[in-house]
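*Asks:* This is the structure I want to talk about, given as structure tokens.
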């Protein structure tokens with residue numbers, strides 16, 4: 001068994017165990033295997049294993065790696081999890097199924113225009129800058145309603161909220177804030193948790209957790 005398949009399989013067991021310890025019923029999160037920077041030969045074993053959710057954060061890299069694979073494996077769902085520049089939206093809309101990083105009205109407008117052209121309806125997460133960090137993208141939690149309403153006007157399919165908490169922050173408290181806001185907006189999905197803090201994300205029943213190093217090993 002390839003090490004990435006073993007890592008993924010161990011992670012799935014670990015998650016099931018944590019969910020049962022939390023006594024949460026009927027909950028099974030989707031693991032987004034964050035494959036950014038890893039070459040396709042490192043990713044292929046878990047594609048062959050049947051894994052379908054993959055995350056990339058650069059449009060050009062994703063296009064080079066995934067265009068052909070997605071043509072013959074239609075089950076694969078590709079998630080844009082990095083900052084999306086408006087000049088890359090056209091290519092992103094063609095390739096990705098989910099965008100987790102919508103953080104401005106300008107970006108939302110551009111996605112709306114490009115997906116209408118090709119009759120596609122991407123699933124969208126709005127990114128919250130929960131720590132209000134200058135170096136991070138995302139809208140402030142108190143400003144998300146305005147962005148959400150604009151997305152509704154643009155007929156975007158917003159399914160939930162996403163955030164990247166500050167390093168060494170109390171993830172559990174921040175995830176609860178995001179969950180509360182998600183519920184207020186009556187959204188069904190959450191994109192929370194990475195290799196370091198996914199157990200906290202399970203407590204708020206995040207639908208997607210984004211895991212890279214725990215599956216593929218350390219990045220170069």
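*Asks:* For a quick protection proxy, order the peptides 93-104, 36-47 by their average other-Cβ count within 10 Å, most packed first. Each step should come with its number before you reach the end.
*Replies:* Working: 93-104: 21.8, 36-47: 15.5.
Most protected by this proxy first, the peptides run 93-104, 36-47.
*Asks:* For region 6-72, place one equal point scatterer on every Cα, skip the solvent, and apply the Debye formula. What is log10 of I(q)/I(0) at q = 0.16 Å⁻¹?
*Replies:* Here the Debye-derived log intensity ratios amount to -0.63.
*Asks:* Would you mind ranking 130, 69 so that the residue whose beta carbon has the fewest other beta carbons within 10 Å leads the list?
*Replies:* Details: 130 25, 69 15.
Ranked by crowding around the Cβ, least crowded first: 69, 130.
*Asks:* Another question, then. For the chain, what is one quarter of the convex hull surface built on the Cα atoms, given in nm²? It would help to have the intermediate numbers written out before the result.
*Replies:* Numbers: hull surface 48.7 nm².
Quarter of the Cα hull surface area: 12.2 nm².
*Asks:* Relative contact order of the chain: what whole-number percent is it, with Cα pairs under 8 angstrom and at least 6 residues apart? Don't skip to the answer; put the middle values down first.
*Replies:* Details: 377 pairs, mean separation 47.0, N = 220.
It comes to 21 percent, rounded to a whole number.
*Asks:* Mind jotting down the distance between the C-alpha centroids of region 135-168 and region 95-123, whole Å?
*Replies:* For region 95-123 versus region 135-168, the Cα centre distance is 13 Å.
*Asks:* Hey, fewest Cβ within 10 Å first, where do 169, 4 land in order?
*Replies:* Numbers: 169 13, 4 21.
With the sparsest Cβ surroundings first, the list reads 169, 4.
*Asks:* Continuing with this model, one more query. Assuming 0.890 mPa s and 25 °C, estimate D for region 40-130 with Stokes-Einstein, Rh taken as the Kirkwood radius over Cα pairs, in µm²/s. Please report the intermediate quantities before stating the final value.
*Replies:* Working: Rh = 13.6 Å.
Calculated translational D: 181 µm²/s.
*Asks:* Separate question: When you take every Cα atom in region 118-215, what is the radius of gyration, and what is Dmax, the widest Cα pair distance, in Å?
*Replies:* Rg and Dmax of region 118-215, Cα atoms, are 13.5, 42 Å.
*Asks:* I've got another one for you. Taking only DSSP H segments of four or more residues, each worth -39500 (n - 2.57), what value at 222 nm results for the chain once the sum is divided by all its residues, to the nearest 500 deg cm²/dmol?
*Replies:* Helix contribution divided over all residues of the chain: -13000 deg cm²/dmol.
*Asks:* On the principal axes of its Cα set, how long, how wide and how thick is region 87-174? Give whole Å, largest value first.
*Replies:* Extents along the principal axes: 42, 24, 21 Å.
*Asks:* At a 10 angstrom cut-off on C-beta neighbours, averaged per residue, how do the peptides 53-65, 199-211 rank from highest to lowest? Numbers along the way, then the final one.
*Replies:* Working: 53-65: 19.5, 199-211: 21.1.
Final packing ranking: 199-211, 53-65.
Throughout, read-outs are computed from the coordinates displayed, never taken from laboratory work. The shown structure was predicted, so the numbers you read here are calculated from the model rather than taken from an experiment. Cβ: placed from backbone, ideal geometry, glycine included. Neighbour counts: every protein chain shown.
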